[in-house]
């Protein structure tokens, strides 16, 4: 009997112990994700890159950017509801990412996209992200109750001009936050915070409105986004439009009479308003002063159909004047000009530049009143677009590859245009942003250097140091990118990169190079092949197929152009030729010196990719060279 009781006790103990173990080992319930991902299935976002994310680095990058946006939308909602920029803990972040992946699975996308694109920790609250900001209250304490975002991002962002102003405000706020943080590696996080704040707090339509999707998040959509509210207000808008149209016609007529008869001309270059006696500047040059109404009419009110592309500091539109001449109008949206005086000075400088290989400025327009400051530059229209479009056609656009005579002519034209800027005017002008998109081709396929929005004059006695580096990654001279040292040789470096693009048929920067952890740089690649005696391998293969076009030894001439490009893009300023000497080398008037060694190892680690995009190492990855040597 005792044994039986003992056995029953033992059996009960084992059963209880097993139950306790099971209870102890059972996982605690996952935290509930506070984010709603229903928009993943309702917003018509473009899933193409995510369907083929494993086909190329570009597709993967674009897909991950889209999915980051899909997380950003509810995070912006979360910020508005809770005042928190991020999620409370890692478990919650994991739960949210799993919820998002479930929605992506519904769209027949890969089951590992979220794990491929993100680390769950990046959505967790921490004071080590951007200037110690965790909540909306932290944001206000750092930047005050109003920031640049509040005045620029509240509404109307489907308009390209307003969107660009909002994006510029985002970068301005990012710069402020980085200054408060002191750690530039937090730059990307600070910009993401700016986007969330603009979408969740500032913009009137909210994170899922067309303002946020098209501008703030730059989400690619397969069809226009039409909200229910917009549908219900169409009738009202049409009714109001009719009434406003009549009022606008009358107002426009009154303005026309005012501009034609209301002003009295004063001294040359100025016009005085009879009532306010406020002087209004006129360019004291041969360029034409356009009224904004003339440019609006020429471009069909800056219609999207007339939109050509984005240029330095603004958007460019095609227009037709009453006399039938075709123009390109740039609406200056953002600039580093400190005020109207600086803009006027810049226009007068550009107006006086006259050279066959520069895009001529026809005129300008400037409107200044209490509500806006609008500036436009008017150029001759270049019918063959820009060099970059011919070298690297985008999308399904098919263009006949540039022939060797065309490439040779373009390189010489650009060199002559730069030589004029450096030596044909006093003081010299440095362009600062020479690249394929800033080289336009006229009806005869002759090259013209364009976009002087970044141009700076060199004056004797100046150090040529600038606090703001302007230009484009891949084309920036190292001494300019690292130290702000601007000289004529900075333009020569950019010119050398363009020459290599033309001769090699490859982009200056290529992030899609398979099997390579580093960004491809054409300067290193071409230099390595030429130093190894394999110059022919660097040339665009279509050039080699075009040999024998009646020219003597074209391969030798092509290799000479290649060598000049490498020499111009040398990392040391002292080893680059002037643009005049480069032009003489290209034309065969002087010999091309032997290609010198480079202090930068292959793959040019001075430029590298990290989680925050392109960065430039101030130590050039440890090369043994002093900054003074770099600048000489």
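Listing 146, 331 from the residue with the fewest other Cβ atoms within 10 Å to the one with the most, what is the order?
Details: 146 10, 331 22.
The fewest-first ordering by Cβ neighbours comes to 146, 331.
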**Study point:** residue 403-residue 589 pseudo-label distance in nm [points 7 Å out on the Cα-to-Cβ vector]
**Key:** 2.7 nm
**Study point:** Longest to shortest principal axis, alpha-carbon extents of region 39-216, angstrom
**Key:** 45, 37, 30
Review point. In percent, what relative contact order does region 39-216 have, based on Cα pairs under 8 Å that are 6 or more apart in sequence?
Key: 23 percent
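Given a Förster distance of 45 Å, report the FRET efficiency between residue 151 and residue 36 from their Cβ-Cβ distance, rounded to the nearest 0.05.
Details: r = 30 Å, r/R0 = 0.66.
Using R0 = 45 Å, I get an efficiency of 0.90.
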Check your understanding: Ranked from highest to lowest mean number of other Cβ atoms within 10 Å per residue, what is the order of the peptides 427-434, 384-391?
Key -> 427-434, 384-391
Check your understanding: By how many nm would the segment from residue 528 to residue 307 grow when fully extended, if each residue of separation counts as 0.36 nm and the alpha-carbon distance is taken off?
Key -> 75.5 nm
Check your understanding: If you count, for each residue, the other Cβ atoms within 10 Å and average over each peptide, how do 86-96, 202-212 line up from highest to lowest?
Key -> 202-212, 86-96
Revision key, fill the gap. Scattering profile of region 56-119 from the Debye formula, Cα beads only, expressed as log10 I(q)/I(0) at q = 0.12, 0.22, 0.24 Å⁻¹, is -0.32, -0.97, -1.10
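So between residue 98 and residue 175, what do we pick up on full extension, going 0.36 nm a residue minus the alpha carbon distance? Please list the in-between numbers first.
On the way: separation 77, 0.36 × 77 = 27.72 nm, distance 3.36 nm.
Extending this stretch completely gives an extra 24.4 nm.
Just so you know, all these numbers are worked out from the coordinates, no wet-lab data involved. What you are looking at is a predicted structure, and each value in this text was computed from that prediction instead of being measured. Note: ideal-geometry Cβ built from the backbone for every residue, glycine included; neighbour counts use all protein chains shown.
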